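Input: a single structure, listed below in structure tokens.
Each reported figure results from applying straightforward, stated rules to the coordinates on display, with no laboratory input. As the structure is a prediction and not an experimental result, all values here were calculated from the model. With ideal geometry, Cβ positions are generated from the backbone for all residues, glycine too; neighbour counts draw on all protein chains shown.
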Amino acid sequence: MAKTRKNKTKKKRVANKMWGGRFASEPAAIMEKINTSIDFDRHLYRQDIAASKAHAAMLAKQRIIGADDARKIAHGLDTILSEIGSGKFKFKRSLEDIHMNVESRLGELIGSASGRLHTARSRNDQVATDFRLWMRDRIGELDALLAGYQQALAEKALQHAGTVMPGFTHLQSAQPVTFGHHLLAYVEMAARDRGRFADARRRLNDSPLGAAALAGTSFPIDRHMTSGALAFEQPMRNSLDAVSARDFVMETLAAAAIASVHLSRFAEEIVIWTSPLVGLVKLSDKFTTGSSIMPQKRNPDAAELVRAKTGRVIGALDAMLVVMKGLPLAYQKDMQEDKEGTIGALEALALSIDAMTGMVRDMEPDTARMKQAAGMGYATATDLADWLVRTLKMPFREAHHVTGRIVAKAAETDLPLHKLPLAEMKKIEPRITPAVFGVLSVERSVKSRTSFGGTAPKNVRSQAQKWLKTLAKEQGEQRNRP
Ligand code: ARG
């Protein structure tokens, strides 16, 4: 009887075979529940296995482990990669995270050689390495998605370089612009978003591997070798920093949050434009949904959801900043909270970019309504003031005042500016000639705005073409990359 009890205790001692040596009993169920991260860090399995393979190869080359063991480890890791890829792998919450799930399975596959893999390494440098590699992959995907979004925008912009629409400030009619010009504004924003991601990628692409728990290791490892094998730029110079730094997460999320806000602003415009009260743009059935009670409805759900998903991305950034703000060096378990929100946020962003690209391709402006709306609200008043300055050499402030009085007159009689009789204008400024009517139409207005970056169709056409050329060139370069 006593003997059996003793055996039982013995069994409990190895409850966690990865770190259970000094533990007498198993963790409480709630401990296991709060501690586990496998439900989300399983997303990192490819990176975890790649990093382990690089580490094992380095250990062998440095004669820290035998060549035979290294071969077994590499082979076992390849098997695990395909097991996970094909859905055959059994993830265990009791093994906490991806690192221990993989290592434990490696033990089942190759036996004692597996125990040599974790030499001169800790989960602290391991997780930092995995997450950097994962982030690098995601940034690559987001960049490609943003490029596709830019392409869709630039194509539509070229098609509508001369389509006049109302330009707004304060959501009030301001000056006519072209639809193409409006779309190209988002191409520019996406370009800066891509730039921010590229910057984040450049800074995160240093290798923490080999920093071990926090202090480095006494084994003669070659960190340059693992860094090179994993296509990092260089090993991180300080082991404490290597395991503690999460600014790469915050920085990427900051870039993601800004990109999301850009998409959300555009999504909001689509919601406004497609409202029957406005009616500047139509989305096809592909990007609208109906209402279960109101048969007439065509709701821009995709745009609304893009607008809403911004909350997740900003939330993830916020959460990350809060998690990190009080953490002393080096690794703290708090950092495990870096993954779940980030993974979800970048997924939401990818989906949003995709949905916006689809909507851009799908949307059709109502050109007649746009043109009509462009002239509403005396949107060419600035053109009249500019004409007074140019032709009558009037100071702009005075021209502004004169134009204001002419607009007031037109409003009194409920006429658009170009329909107001010359005689009425002359009552306010006698030197006005019939030539003024040449600048009062919305087409003439946009055509005249040829200043660099202005909305003139000819500018818009050449900018759209420039973007399409740049994007095609980028794509060609990507295809030619080894
Ligand atoms: N699952 C952990 C994380 O994501 C891995 C590192 C654990 N390190 C440790 N010393 N407990 O942060």
Flagged in region 192-234 as farther than 22 Å from Gln336 by Cβ, surrounded by 22 or more Cβ atoms within 10 Å (Cβ to Cβ) and touching a strand residue (DSSP E or B) at 6+ places or on another chain (Cβ under 6 Å), in numbering order, are Arg223, Ser227, Phe232
Filtering region 235-263 down to residues that are over 27 Å from the mean Cα position of the chain (by Cα) and either crowded, with 22+ Cβ neighbours inside 10 Å or under 17 Å from Asn205 (Cβ atoms) (or both) yields Arg237, Asn238, Ser239
Only one of Ser462, Ser451, Ser441 is crowded, with 16+ Cβ neighbours inside 10 Å and closer than 30 Å to Gln159 by Cα, namely Ser441
Screening Glu398, Glu364 for residues that are without any contact (Cβ under 8 Å) to a residue 60 or more places away in the chain and away from the ligand (no atom under 16 Å from the Cβ) leaves only Glu398
Residue count, region 95-149, condition under 27 Å from Glu26 (Cα atoms), in a helix (DSSP H, G or I) and within 16 Å of the ligand (Cβ to nearest atom), comes to 13
Residue match in region 341-358 (condition: of a type in the set (D, E, K, R) and either within 16 Å of the ligand (Cβ to nearest atom) or farther than 21 Å from Tyr186 by Cβ (or both)) | yes
In this structure, is Leu420 surrounded by 15 or more Cβ atoms within 10 Å (Cβ to Cβ) and either free of Cβ contacts under 8 Å to residues at least 24 places away in the same chain or more than 22 Å from Leu184 (Cβ to Cβ) (or both)? yes
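The rows are residues; the columns are (1) within 24 Å of Ala373 (Cα to Cα); (2) free of Cβ contacts under 8 Å to residues at least 24 places away in the same chain; (3) basic (Lys, Arg).
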{"site": "Arg431", "(1), (2), (3)": "no, no, yes"}
{"site": "Val446", "(1), (2), (3)": "yes, no, no"}
{"site": "Thr450", "(1), (2), (3)": "yes, yes, no"}
{"site": "Gln463", "(1), (2), (3)": "no, no, no"}
{"site": "Trp467", "(1), (2), (3)": "no, no, no"}
{"site": "Glu474", "(1), (2), (3)": "no, no, no"}
Scanning region 297-356 residue by residue, those small (Gly, Ala, Ser) and within 12 Å of the chain's Cα centre (by Cα) turn out to be Gly344, Ala345, Ala348, Ala350, Ser352
The residue from Ala152, Ala190, Ala242, Ala198 that alone is assigned to a helix (DSSP H, G or I), hydrophobic (A, V, I, L, M, F, W, C), in contact with an Asp or Glu (Cβ under 9 Å, 6 or more places away or on another chain) and more than 25 Å from Ser52 (Cβ to Cβ) is Ala198
With criteria (1) part of a loop (DSSP other than H, G, I, E, B); (2) touching a helix residue (DSSP H, G or I) at 6+ places or on another chain (Cβ under 6 Å), Ser264 comes up short on (1)
Within region 309-331, residues being outside any helix (DSSP H, G or I), surrounded by fewer than 16 Cβ atoms within 10 Å (Cβ to Cβ) and not hydrophobic (A, V, I, L, M, F, W, C) number 3
Output for Cβ contacts, cut-off 9 Å, separation at least six or different chains, first residue closer than 17 Å to Gln47 by Cβ and within 16 Å of the ligand (Cβ to nearest atom) in region 191-219, second part of a helix (DSSP H, G or I) and of a type in the set (Lys, Arg), reads Pro208/Arg132; Leu209/Arg223; Gly210/Arg223; Ala211/Arg223
A careful count of residues in region 39-81 that are among the hydrophobic types (A, V, I, L, M, F, W, C), in contact (Cβ under 8 Å) with a residue 60 or more places away in the chain and in a helix (DSSP H, G or I) gives 9
Expected single match for surrounded by fewer than 15 Cβ atoms within 10 Å (Cβ to Cβ) and within 15 Å of the ligand (Cβ to nearest atom) among Ile34, Ile30, Ile38 is Ile34
Per the list (1) more than 16 Å from the ligand (Cβ to nearest atom); (2) surrounded by 22 or more Cβ atoms within 10 Å (Cβ to Cβ), residue check on Asp338 breaks on (1)
When region 41-67 is checked residue by residue, the ones that are within 16 Å of the ligand (Cβ to nearest atom) and among the small types (Gly, Ala, Ser) are Ala51, Ser52
Taking region 82-94 and keeping residues within 16 Å of the ligand (Cβ to nearest atom) and among the small types (Gly, Ala, Ser) leaves Ser94
